[in-house]
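The values are calculated or read from the model by the stated rules, or taken from the named source; none is laboratory data. Keep in mind the model is a prediction, meaning the values are calculated, not measured. All Cβ positions, glycine included, derive from the backbone under ideal geometry; neighbour counts span all protein chains shown.
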Protein chains: 2
Amino acid sequence: MKAGQLRWGILGPANIARRNWLAIRLSGNGTLVAVASRHLARAQAFIAECQADAPFDPAPRALGSYAELLASADVDAVYIPLPTGVRKEWVLRAAAAGKHIVCEKPCAPNAADLREMLVACAHHRVQFMDGVMFRHGARLARMRTALDDTGSVGQLRRVTSSFTFAGSPEFFRGNIRTQAALEPLGCLGDLGWYCVQFALWAAGWRLPREVTGRLLATHGGVPAELSGELVFDDQLSAGFDCSFLRANQQWAYLAGTEGALRVDDFVLPFAGDKTEFELRSAEFRRCGCDFRMEPRVRRVSVDGHGHGHATAPETNLFRNFAAQVLRCSAPNESWPDIALKTQQVVDSCLTSARAGGRPVMPAG
Amino acid sequence: MKAGQLRWGILGPANIARRNWLAIRLSGNGTLVAVASRHLARAQAFIAECQADAPFDPAPRALGSYAELLASADVDAVYIPLPTGVRKEWVLRAAAAGKHIVCEKPCAPNAADLREMLVACAHHRVQFMDGVMFRHGARLARMRTALDDTGSVGQLRRVTSSFTFAGSPEFFRGNIRTQAALEPLGCLGDLGWYCVQFALWAAGWRLPREVTGRLLATHGGVPAELSGELVFDDQLSAGFDCSFLRANQQWAYLAGTEGALRVDDFVLPFAGDKTEFELRSAEFRRCGCDFRMEPRVRRVSVDGHGHGHATAPETNLFRNFAAQVLRCSAPNESWPDIALKTQQVVDSCLTSARAGGRPVMPAG
C-alpha cells in the first residue's frame, strides 16, 4: 500500500460512480486502481469518459469481471454501486476477499440481508459504510451545533422532509430503480433512505418505537411515491415523503420548542463554495386590537463546496473512510450500525405501507 | 337596516374577537352594533378597550347576555367566538332568531353536531361561514392561478403543512384550548383545522378517501401535538402536523410534477402591505463526472395587507360575508359545505389517532 493512500476499486460503472471517481481523486488519501464491469468494454468506456476530466492522472485498470477486481492484491477497498438486488453476493465476496466496502444505498433489499452482510464484514474485519454523502458535509456538523445550542431550535420535536424527482418516460421504461428484482424498494430505497437517515441523525441515531408507511403510487411493483411517519420516544416524531413522480425537491425542517431549522437541499447541496441553512422563528405580538406575526430568519453559511470539490460531502466521505481504514486496525462500528438502523426503518415503512398503514415496530 | 351595511353583533368577547372588531370596522359594509358577554362588565371592558383604537366611531351597545343580543332587532348577523363545547347551542339559537352566523373554528366538537347546526341555518335561511381568514386573502387567489398555470407546479401531488405555537405554562394551566369540555379537539381544532382546510382547498374541495392521524402528545385529554395524512383520489395526498408544543411555524408546500409552491405564513400572513409565496424548482445537470442541482426560485408578491387593514384577509372575510347577505336572499351553500368537509376530515383524523393510526374513511 502506497503510504497514506487507500487503493480503491469500483465494482460496476454506474452513473453515481462517475461522481465518486472524482471524489476519490479529490480525497487526497485515495487512489483508484481498477474499475470492473461484467463487460470489459464498459469498464474501458467508463474509464475513458472519467479520465477525460483528468487526462494527466494515471488511468485505473479496466477489468471484465467483478471477481477479478476482488482478486487484485493492489485493491484495499471497493465502492459497490451495483443494483440492490445483486449487491449482497458481491458484498459477501468482497468481505471474504478482505476488501473494505463503501456500499451504495439502499444497502440491501431488507434488514435480514444487510445483517448477514455486516456479520461477514465484521468476521473478516473489513470496514463497511453506506454511500450517504450528506453525513460527511461540513454543514451537517454546523446544523448539529445549532440543534444543540438550546436557543435556536430548543428541544427538537419534529423532523419533516421530502426528497423527490420526476422520472422521465425513459426512466420508467428502462431504469433499474423501478424494477422489482433489482431495486425492490423503489423510491423508498433510492430517496426515502436519505429522509429516514436524516431523521435518525436528528434523533441521535435512536430507533423510532413505531413506524408507519403509506404507498401513494407504485410502478412495476415497487414504490414510486410513499409517505412515512416515525415516532420516537422523548416526544420526537418525523414525517417524510419520497417520490419518483414529482419535480426535484429535497427539503427538511427540524422544528422545536424555540424555533426551526430549514434546509432546502439536504441531500445534494446546491452548487457553490458554501452550503446554507436557515434558523427560523416568528414572534407573535399584540398591537391594540390587531396582532401580528413577524418572522425572524437567520441564514447560516458554512464554508465548503456542495459537490465536485476537495471540501464537498462526497469527497469527505471517501477521505473519512480511507482515514479510518489507514489509521485503525479495528473497523469503526458506528457506520455499519447507521446503515442497519436506516435499513430497519426503511423495512418497517414498507411493511407498514404494504399492510395499509398499520403501525410497525422496527426490530431493534 | 342602514343601506349597504350589515349590522353585526359579537357573542363573547374572546381575544380573536378584538381583531374581528377591527375587521368589521374596516370592511366598509358592516357596522358593529352590540357585544354580548355573560357578564355585562366584561362586554363593557371589551368595548372600552377596542374603542380606544377608534375613539370617534359610535360605540356598540354592551349586553349582559347572549339571549339579549339574539333578541335585538337591529342585529342582522353574529360573530360567535364562544368555546367549541358551548357553541352549538348558540348557533342553533342564533339561527332560530334569524341571525346570519360567522362561527369560529373548529365549528363543532364533531361533524354530527355541525350538521345539526347547518340544518338549522338552512331551515331558517341564514348564512353560515367558518372564521377561516386565509380563504379570503388576495394571495390565495393568486396561488390558485399559479397551481392552474400548468408550468409552475404542474399536476399537484402533495400538500405538506405545519401550524404550531408553543403554549406558555399559563396557556397550559388556564387556556380553554386545552380543556376537554370546552375544546375537545385541542390543537387539531385550533391549528390542524387550517392545515386540513388548506389541503381541501388545494384539492378543489374534494374529500380524501382515506385519513390517518397520530396523537403525538396530549394535555388534559385533548390533542397537544398531532400529525395527519390525507389520501385523495387522483394521486394527491397531504401530510400535516399541528402542535401546542413547538415554536411558531405556519408553512405549507404544494408539490407537483413541475415544481413546488412554498408559503411561509399561510395562516397569519406576516406584517406588510404585500403577502408573498415562492415558486420553487431545481434543475439537475451533469457536468463531466460531476452533477449539480441548481435551484430556481421565483418570489411572487401579491398586493394587499397581511392583517389589520382594509385589504387584509380578515377584513375581506367580513366584507365578503356581508356582501353575500346584503346581495342575496338565498344563502351561499359552498361556505357551510367547506366548514362541514373540514370538520369531517378533522373528525376522521382524531378517530384514526385515537385508534392508534388506523385508516378512516371520512363520511361523505
Checklist entry - Which residues, taken from the range B:29-57, are away from chain A (no Cβ under 14 Å) and of a type in the set (Val, Ile, Thr)? => result B:Thr31, B:Val33
Checklist entry - Which of the residues that make up the range A:269-292 are closer than 17 Å to A:Glu314 by Cα, surrounded by fewer than 22 Cβ atoms within 10 Å (Cβ to Cβ) and within 9 Å of chain B (Cβ to nearest Cβ)? => result A:Phe270, A:Ala271
Item to check | Candidates B:Arg177, B:Arg157, B:Arg142 - the one that is at pLDDT 95 or above, basic (Lys, Arg) and within 23 Å of B:Ser348 (Cβ to Cβ) | outcome: B:Arg157
Next on the checklist: Here is a list: A:Val346, A:Val360. Which entry is in contact (Cβ under 8 Å) with a residue 40 or more places away in the chain, outside the structural domain of A:Ala17 (by TED's automatic domain parsing) and under 20 Å from the mean Cα position of the chain (by Cα)?
Outcome noted: A:Val346
Item to check | Matching residues, the range A:196-230, being under 20 Å from A:Ala355 (Cβ atoms), free of Cβ contacts under 8 Å to residues at least 60 places away in the same chain and out of contact with any helix residue (DSSP H, G or I) (no Cβ under 7 Å at 6 or more places or on another chain) | outcome: A:Leu216, A:Ala217, A:Thr218, A:Gly221, A:Ser227, A:Glu229
Next on the checklist: Looking at the range B:5-25, can you tell me whether even one residue there is closer than 24 Å to A:Phe284 by Cα and more than 14 Å from chain A (Cβ to nearest Cβ)?
Outcome noted: yes
Checklist entry - Across the range A:286-316, which residue is farthest from the chain's Cα centre (by Cα) among those that are more than 30 Å from B:Asp265 (Cβ to Cβ) and of a type in the set (Ser, Thr, Tyr)? => result A:Thr311
Next on the checklist: Report every pair of residues separated by at least 6 positions or lying on different chains whose Cβ atoms are under 6 Å apart, first residue within the range A:151-170 and at the interface with chain B (Cβ under 10 Å from one of its Cβ atoms), second surrounded by fewer than 19 Cβ atoms within 10 Å (Cβ to Cβ) and among the hydroxyl-bearing types (Ser, Thr, Tyr).
Outcome noted: A:Gly154/A:Thr257; A:Gln155/A:Thr257; A:Ala166/B:Thr257
Checklist outcome for this item: Inside the range B:345-360, the number of residues satisfying the requirement of being of a type in the set (A, V, I, L, M, F, W, C) and within 11 Å of chain A (Cβ to nearest Cβ) is 2
Item to check | Qualifying residue in the range A:160-171 (condition: more than 26 Å from A:Lys88 (Cβ to Cβ) and in contact with a Ser or Thr (Cβ under 6 Å, 6 or more places away or on another chain)) | outcome: yes
Checklist entry - Which of the residues that make up the range B:293-318 are surrounded by fewer than 18 Cβ atoms within 10 Å (Cβ to Cβ) and among the charged types (D, E, K, R)? => result B:Glu294, B:Arg296, B:Arg298, B:Arg299, B:Asp303
Checklist outcome for this item: If we take the range A:25-127, then strands (runs of 3 or more DSSP E) inside it with 2 or more residues that are touching a Ser or Thr at 6+ places or on another chain (Cβ under 7 Å), surrounded by 20 or more Cβ atoms within 10 Å (Cβ to Cβ) and free of Cβ contacts under 8 Å to residues at least 40 places away in the same chain are none
